[in-house]
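Colleague: The structure's right below; bear with me while I get my questions together.
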Amino acid sequence: MAKTKTLDQLRAEKEQAEAQLLQEQHKLQRLEQRKKHYEKGERKKRTHRLCNLGGMVESVAPEVKDLTRTEMTELMEHIFLCPKSSEPSVTWRLPTSTKRTEERS
């Protein structure tokens, strides 16, 4: 036959269950914080990589420093989306530095 539990035993079980619940909530909170930490690290790595790539582009073609975002996008699209051929494409040219400074003034 099933044992009947006393009120004190039930209260003790309740306290134990509440303590276990609190531990699990803290465990979940720690895991969520760890996830945020790793995601933040991935963003930092991406930013670092993009800055390095941008620096390399500027070191090879210093003229790109003066390009607007739209002009840079057009240049990248032209470079990466143009059909492959044996002759270099000359339809897109970098603006001269005097032209860009006049536009910005």
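Colleague: Tell me which aspartates and glutamates have Cα within less than 13 Å of LYS5's Cα, excluding those fewer than 8 residues away on the same chain?
Modeller: In chain and number order, the partners are GLU13.
Colleague: Quick check: pseudo-label points 7 Å beyond the Cα along Cα→Cβ at ILE79 and LYS45, how many nm apart are they?
Modeller: Modelled inter-label distance: 2.4 nm.
Colleague: Next up: Please give every one of the lysines within straight-line cross-link reach of LYS27, meaning a C-alpha to C-alpha distance under 29 Å, and leave out same-chain neighbours fewer than 8 residues apart.
Modeller: Cα-Cα hits under 29 Å: LYS14, LYS35, LYS36, LYS40, LYS44, LYS45.
Colleague: Roughly how many nanometres apart are two label points built 7 Å out from the Cα toward the Cβ at GLN9 and TYR38?
Modeller: Simple spin-label model gives 4.4 nm for this pair.
Colleague: So for region 1-87, considering every pair of alpha-carbon atoms, how many percent are separated by more than 21 Å?
Modeller: Numbers: 2488 of 3741 pairs.
Looking at region 1-87, the distances longer than 21 Å represent 67 percent of pairs.
Colleague: With a 10 Å Cβ neighbour count serving as the proxy for reagent exposure, in which order, fewest first, do LEU75, LEU10 appear?
Modeller: LEU10, LEU75
Colleague: Go through 27-34, 61-68 and give me the packing order, highest mean Cβ count within 10 Å leading. Can you show the working numbers first?
Modeller: On the way: 27-34: 10.0, 61-68: 13.6.
With the highest mean Cβ count within 10 Å placed first, the list reads 61-68, 27-34.
Colleague: What's the FRET efficiency of VAL60 with ARG30 using the Cβ-Cβ distance as r and R₀ = 35 Å, to the nearest 0.05?
Modeller: Using R0 = 35 Å, I get an efficiency of 0.15.
Values quoted throughout were computed directly from the atomic coordinates according to the rules given, and no laboratory measurement underlies them. Values in this document were obtained by computation on a predicted structure and should not be read as measured data. Cβ atoms come from the backbone with ideal geometry, glycine included; neighbour counts cover every protein chain shown.
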